[in-house]
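Peer 1: Next up is a structure, given as structure tokens.
Every read-out reported here was derived from the displayed coordinates using simple, explicitly stated rules and does not represent laboratory data. Since the structure is predicted, the reported quantities are computational estimates derived from the model, not experimental observations. Here the Cβ is made from the backbone with ideal geometry for all residues, glycine too, and neighbour counts use every protein chain on show.
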Amino acid sequence: MIEKTVKIINNAGLHTRPAATIVKLASKFKSDFFLNKDGMHINGKSIIGVMTLAAEKGSEMVLSFDGPDESEAAEEIINYFNRGFDEM
Amino acid sequence: MDTKQDNILKGIAAAPGIAIANAFIYEKEKESISDESITNVDEALQNLDSALAQSRKELRKIFSLAVDKLGEKRAAIFDAQIMILDDPILISTIQNRIKKEKKVPEFLVEDEISKYTRLMNASNESYMKERSHDIEDIKNRIIRNLKKKKLRSRILNDVVVITSNLSPSDTVLFARADVKGYVTDFGGLTSHAAILSRSLNVPAVVGLHEATNKIKDGDLIIIDGFFGQVIINPDEKQLATYKKKLEKLTEHDEELNKIKDLPSQTIDGREVKLLANLDVSTEMDFILHNRAQGIGLVRTEQLFEEHEEFPDEEKQYQIYKSIAEQIYPDVIIIRTFDIGGDKVLPVDLHEPNPMLGWRGIRLLLDSPDLFKVQIRAVLRASSHKNVKIMFPMISSIYEITESKRLIDECKKELSAEKVQFDKNIGIGIMIEIPSAAVMVKEFAQEVEFISIGTNDLIQYLLAVDRGNDIVSKQYQEFHPAVVRTLKHIISEGKKADVSVSMCGEMAADPFAVPLLIGLGLDSLSVSASAIPLIKKIIRSLNYKELQVLADECLLFKSETEISKHLHHFFNTKIQDLIKNLIRG
């Protein structure tokens, strides 16, 4: 299992478009993927779940990956966070 | 014995006819979701599946059409909504709950999705509340589709539908069933319920306000589409009166049947072509039976509602070809999709003012792929030279020349593909926006024919929303500005040597017909059900007198004067048979 704290760095925060992209990325992998924030434990393959997360610029959350292809999944999704959802 | 009068509701007579049948209450908005138990789990799972599939189809339809117009933000929302329909966690949770709890799927969809919207609403961020609305939208869409499925199986034949209002997609739903009449709380003469009823030849009374409150499922209903009244659980006397009226009506229909094969012309020989409007494909038999001399308006957006998605070129070609073949050698005029406004897309685009928004030719020219598929289908159906094409909502010369350019492009493609079509296909435009009425002289030089769409023309000319009950009294066919605008369009059209027709609801109003013919219209395109009566009226009039009547009407300053004058003319000139019928 891989756990990593990430920060939201784009101006608009985790809005609908990046939420959808995260889910699409996660769905490519077999591993389980969760987003943990403010006591919420959200399945990253569920768009409606990810959309319930309010995450403005500057906020942090913990991503966890667990499964056969967890390192590939972690790399791709963490990169997407670090690129500011390609909105920088 | 006194007749009990407290069981009579008065509204607007929207489609003629009388029916006695049981009420079917259709309450789409109010219907609450109960946690009813189910016995057949497999069926419930299947219903959920097909509701999800249907919702996916609807969203893709909107998305495919509007993606460039939505803006990135709203496009992303649609994309996310489509993803929600496939959300593995959400959908499997709902499926498991159906299996375990054995409740109706709509209840579990509501319950499960509401968990998420509650979380969103609890957030302090304002955008989370907005997001919660988007999730509500998709939830309601799924539930609507679940209920629609249920409704389809619940609609009985031989009922009078009682509802607050009918949307175009509701009308398609009901057109498939054998409904005896329509009663609505809201809407006016040009509402979808009214138009549909007239094309299906069933009576309708609209704008009753309290119908859904006062009438209960299964009540015996008399609907009088001549008088605009509805009688709830009639007493014996009322029932006897209406049974007699129904008999008279049958006699009258037989009377009209006798002139079916006689020409549509005035006593002094002026011919006025009577064409039919085609809204739903089931009307075709009726159109042929009533001897329409062609189809003056095929409302293709309505056909496309029947198919629930954009039919591809082949499918459209088959539909148009079949209509053209059935009416051959007479002509059909295919109006390209008039989507937008209050048709097909309104809820989905959230335009602040859809009637002044992205609709008709504007939408088509912005979606050349969609437009060209339709043009190609129409061209292919024209090989027997009895098909014409017409564009809706024209307001500038550019829209005409650009549309013609696209037609030329399609013609070239088809020629290269060695496909047969009518190289000289007739092209026409709707005159339904005041700017087109003003510019009609120049516009007419670009086309072969023009057709006046009175529903929109009146609404835009008088700035009155035809669907708005509060101002519906200001929606006046006989407003002097309307009459004078019609005169202008018809005279300028004649000078340009194009044929001038009318395809709005006004063309089917018995009181308006003498005026319209007097103003010089060459043809009227009306619901098939109106053709026999309009022909009867035309055959009992003198064109010379009608020209005088029209000139008199052009001098009046108020709607009241014109309306009074036309009613007086009608009562003195038109034969008793018709008069008695309309008076009830």
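Peer 1: Over region B:41-154, what is the relative contact order in whole percent, taking alpha-carbon pairs under 8 Å and six or more residues apart?
Peer 2: Details: 74 pairs, mean separation 41.2, N = 114.
Answer for region B:41-154 is 36 percent.
Peer 1: Can I ask one more? Tell me the label-point distance for the pair B:THR401, B:HIS488, using the 7 Å Cα-to-Cβ offset, in nm and rounded to one decimal.
Peer 2: My value for the distance between the label points is 2.3 nm.
Peer 1: I would also like to ask the following. Using only Cα atoms, what Kirkwood radius does the protein assembly as shown have, in angstroms?
Peer 2: On the way: mean 1/r = 0.0359 Å⁻¹.
When all Cα pairs of the protein assembly as shown are included, the Kirkwood radius is 27.9 Å.
Peer 1: Can you tell me what share of the DSSP beta bridges in chain B is antiparallel? A percent to the nearest 5 is fine.
Peer 2: Numbers: 18 of 59 bridges.
Once the DSSP bridges in chain B are tallied, antiparallel ones form about 30 percent.
Peer 1: Follow-up question, since we're still on this one. When Cβ neighbours within 10 Å are restricted to other protein chains, what is their mean count per residue of peptide A:50-56? Could the numbers behind the result be given before it?
Peer 2: Details: counts 3, 13, 12, 4, 9, 1, 2.
Averaged over the peptide's residues, the number is 6.
Peer 1: OK, next. Need the full-extension length gain, B:GLU413 to B:ILE259, defined as separation in residues times 0.36 nm minus the C-alpha distance. One decimal, nm. Please list the in-between numbers first.
Peer 2: On the way: separation 154, 0.36 × 154 = 55.44 nm, distance 4.61 nm.
So the chain would gain 50.8 nm between B:GLU413 and B:ILE259.
Peer 1: I would also like to ask the following. What is the extension gain from B:THR39 to B:HIS289, computed as 0.36 nm multiplied by their sequence separation minus the C-alpha to C-alpha distance, in nm to one decimal? Working shown, then result.
Peer 2: On the way: separation 250, 0.36 × 250 = 90.00 nm, distance 4.70 nm.
Going from the current span to full extension adds 85.3 nm.
Peer 1: Label-point separation (nm) for B:THR250 and A:ALA12, each offset 7 Å from Cα along Cα-to-Cβ?
Peer 2: 6.7
Peer 1: Among rounded, prolate and oblate, which fits region B:268-583 when a ≥ b ≥ c are the square roots of the eigenvalues of its C-alpha gyration tensor, a/c under 1.5 means rounded, and a/b larger than b/c means prolate? Show your work: numbers first, answer last.
Peer 2: Working: a/c = 1.73, a/b = 1.46, b/c = 1.18.
In terms of gyration-tensor shape, prolate.
Peer 1: Compute the long axis of helix A:16-27 from its Cα atoms, compare it with the longest principal axis of the Cα atoms of chain A, and write down the angle in degrees, 0 to 90, nearest 10.
Peer 2: The answer is roughly 10 degrees.
Peer 1: Just the number, please: percent antiparallel of the DSSP beta bridges in the protein assembly as shown, rounded to the nearest 5.
Peer 2: Details: 33 of 74 bridges.
Around 45 percent antiparallel, to the nearest 5.
Peer 1: Next question. A 27 angstrom limit on the alpha carbon distance is what I want to check against. Which of B:LYS148/B:LYS216; B:LYS260/B:LYS388; B:LYS10/B:LYS564; B:LYS248/B:LYS544 exceed it?
Peer 2: Numbers: B:LYS148/B:LYS216 20 Å; B:LYS260/B:LYS388 25 Å; B:LYS10/B:LYS564 22 Å; B:LYS248/B:LYS544 33 Å.
In this structure, B:LYS248/B:LYS544 exceed 27 Å between Cα atoms.
Peer 1: Considering the options B:LEU546, B:MET83, A:HIS15, tell which one lies farthest towards the positive end of the dipole of the protein assembly as shown, charges being +1 on Lys and Arg and -1 on Asp and Glu at the Cβ, about the Cα centre.
Peer 2: After comparing all options, I get B:LEU546.
Peer 1: Rounded, prolate or oblate for region B:447-584? Axes are the square roots of the Cα gyration tensor eigenvalues, ordered a ≥ b ≥ c, and the cut-off for rounded is a/c under 1.5. Each step should come with its number before you reach the end.
Peer 2: Working: a/c = 1.35, a/b = 1.09, b/c = 1.23.
Note, shape of region B:447-584 comes out rounded.
Peer 1: Rg and Dmax of region A:2-86, using alpha carbons, in Å: what are they?
Peer 2: According to the Cα coordinates of region A:2-86, Rg and Dmax are 11.4, 34 Å.
Peer 1: Run the simple label-point estimate for B:LEU554 and B:LYS573 please: 7 Å along Cα→C-beta, distance reported in nm.
Peer 2: My value for the distance between the label points is 1.6 nm.
Peer 1: Also: How much length would be gained if the chain were fully extended between B:ASP49 and B:ASP369, taking 0.36 nm per residue of separation minus their Cα-Cα distance, in nm to one decimal?
Peer 2: Values: separation 320, 0.36 × 320 = 115.20 nm, distance 3.08 nm.
Residue separation times 0.36 nm, minus the Cα-Cα distance, leaves 112.1 nm.
Peer 1: Count charges around B:LYS535 for me, please; just the other residues with Cβ under 9 Å from its Cβ, Lys/Arg as +1, Asp/Glu as -1. If you can, show how the numbers build up before the last one.
Peer 2: Working: positive: B:LYS260, B:ARG291, B:LYS536, B:ARG539; negative: none.
Summing Lys/Arg as +1 and Asp/Glu as -1 gives +4.
Peer 1: Between B:GLN445 and B:LEU356, what FRET efficiency comes out of the Förster formula 1/(1 + (r/R0)^6) with R0 = 25 Å and r the beta carbon distance, rounded to 0.05? Working shown, then result.
Peer 2: Numbers: r = 27 Å, r/R0 = 1.09.
For B:LEU356 and B:GLN445, the calculated efficiency is 0.35.
Peer 1: Follow-up question, since we're still on this one. Tell me the angle of helix A:70-82 to the major Cα principal axis of chain A, expressed in degrees between 0 and 90 and rounded to the nearest ten.
Peer 2: Its long axis makes an angle of about 10 degrees.
Peer 1: With +1 on the Cβ of every Lys and Arg and -1 on the Cβ of every Asp and Glu, and nothing else charged, how large is the dipole of chain B about its Cα centre, in debye rounded to the nearest 20? If you can, show how the numbers build up before the last one.
Peer 2: Values: 78 positive and 89 negative charges, 141 e Å.
In debye, rounded to 20, chain B gives about 680.
Peer 1: Which ordering of A:GLU75, B:GLU236 is given by a fewest-first count of other beta-carbon atoms within 10 Å? Before the final figure, lay out the partial values.
Peer 2: Numbers: A:GLU75 12, B:GLU236 9.
With the sparsest Cβ surroundings first, the list reads B:GLU236, A:GLU75.
Peer 1: Sticking with this structure for a sec: Just the C-alpha atoms of chain B: what Rg/Rh do they give, with Rh taken as the Kirkwood radius?
Peer 2: Details: Rg = 25.3 Å, Rh = 25.7 Å.
That ratio is 0.98, to two decimals.
Peer 1: Farthest toward the dipole's positive end in chain B, which of B:LEU189, B:SER92, B:LEU524, given Cβ charges of +1 (Lys, Arg) and -1 (Asp, Glu) about the Cα centre?
Peer 2: Farthest along the dipole direction, towards plus: B:LEU524.
Peer 1: Nearest 20 debye, what's the magnitude of the dipole of the protein assembly as shown about its Cα centre given +1 on Lys and Arg Cβ and -1 on Asp and Glu Cβ? Kindly include the intermediate steps, with their values, before the conclusion.
Peer 2: Working: 88 positive and 102 negative charges, 245 e Å.
It comes to approximately 1180 debye.
Peer 1: Tell me the relative contact order for chain B as a rounded percent, counting alpha carbon contacts under 8 Å between residues six or more apart.
Peer 2: Details: 1022 pairs, mean separation 87.3, N = 584.
The normalised contact order for chain B reaches 15 percent.
Peer 1: Amide H of B:GLY294: which non-local residues (sequence gap of 5 or more, or other chain) have their own amide H closer than 5 Å, using H built in the peptide plane?
Peer 2: Residues meeting the criterion, in which the H sits 1.01 Å from N, are B:ALA276.
Peer 1: Quote the charge dipole size of region B:124-166 about the Cα centre in Debye, to the nearest 20; the model charges only the Cβ of Lys and Arg (+1) and of Asp and Glu (-1). Present the calculation step by step, with values, prior to reporting the outcome.
Peer 2: Values: 11 positive and 6 negative charges, 74 e Å.
Result for region B:124-166 is approximately 360 debye, rounded to the nearest 20.
Peer 1: What three numbers, in Å, describe the spread of the alpha carbons of region B:43-106 along their principal axes, ordered from the longest?
Peer 2: 43, 19, 14
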